[in-house]
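The values are calculated or read from the model by the stated rules, or taken from the named source; none is laboratory data. No experiment lies behind these values; they were computed from the predicted model shown. As a convention, Cβ positions derive from the backbone with ideal geometry for all residues, glycine included, and neighbour counts pool all protein chains shown.
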């Protein structure tokens, strides 16, 4: 009975991790279909090797470690990444607000996509998935100091990219109303 309860508990936690896995995968590859595939591969591998999870409290770290390995396997097989089409606005309730949010999301996604892969991985695990430095170090199999320095560099680069983009936008001449 204890094993059955533990199995359902772990299964429920794995289900809860699906969205976080997808979000991290998407932030790395910027392709919904590929992110779905990576998430499914991760969950399939996790279920196939569930006996290797010794401590259920480390389930998220374990799953993200599998996801990062899946991502690195994909990178080894692919040379060019396919970029996702521009962000689509689906709601018409607040067109101006939706447009502005869409522009912000598009700018941030573009900036993230311009980061080198090691920086992209760290910033998405920290800022999108909410992992702590030690958890990120375990997932990526790197020292905590490396996580900290990559995160610092990624945030500085994001700041620079977003500032440069904002400067470009503000330099565009405004249309004037002619009577």
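Worth pointing out:
- Residue match in segment 91-100 (condition: under 22 Å from residue 154 (Cβ atoms) and either modelled with pLDDT of 85 or more or assigned by TED's automatic domain parsing to the domain that holds residue 157 (or both)): no
- Entry remark, segment 127-154: residues being in contact with a helix residue (DSSP H, G or I) (Cβ under 7 Å, 6 or more places away or on another chain) and either within 17 Å of residue 113 (Cβ to Cβ) or modelled with pLDDT under 90 (or both) number 5 in total.
Residues are listed down the side, and each one gets a yes or a no for (1) assigned by TED's automatic domain parsing to the domain that holds residue 14; (2) part of a helix (DSSP H, G or I); (3) touching a strand residue (DSSP E or B) at 6+ places or on another chain (Cβ under 9 Å); (4) over 24 Å from residue 120 (Cβ atoms):
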site: 28; (1), (2), (3), (4): yes, yes, no, no
site: 36; (1), (2), (3), (4): yes, yes, no, no
site: 41; (1), (2), (3), (4): yes, yes, no, no
site: 45; (1), (2), (3), (4): yes, yes, no, no
site: 51; (1), (2), (3), (4): yes, yes, no, yes
site: 54; (1), (2), (3), (4): yes, no, no, yes
site: 60; (1), (2), (3), (4): yes, yes, no, no
site: 63; (1), (2), (3), (4): yes, yes, no, no
site: 68; (1), (2), (3), (4): yes, yes, no, no
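- Per the listing 115, 84, 63, 59, the residue uniquely modelled with pLDDT under 75 and either surrounded by 14 or more Cβ atoms within 10 Å (Cβ to Cβ) or within 28 Å of residue 14 (Cα to Cα) (or both) is 84.
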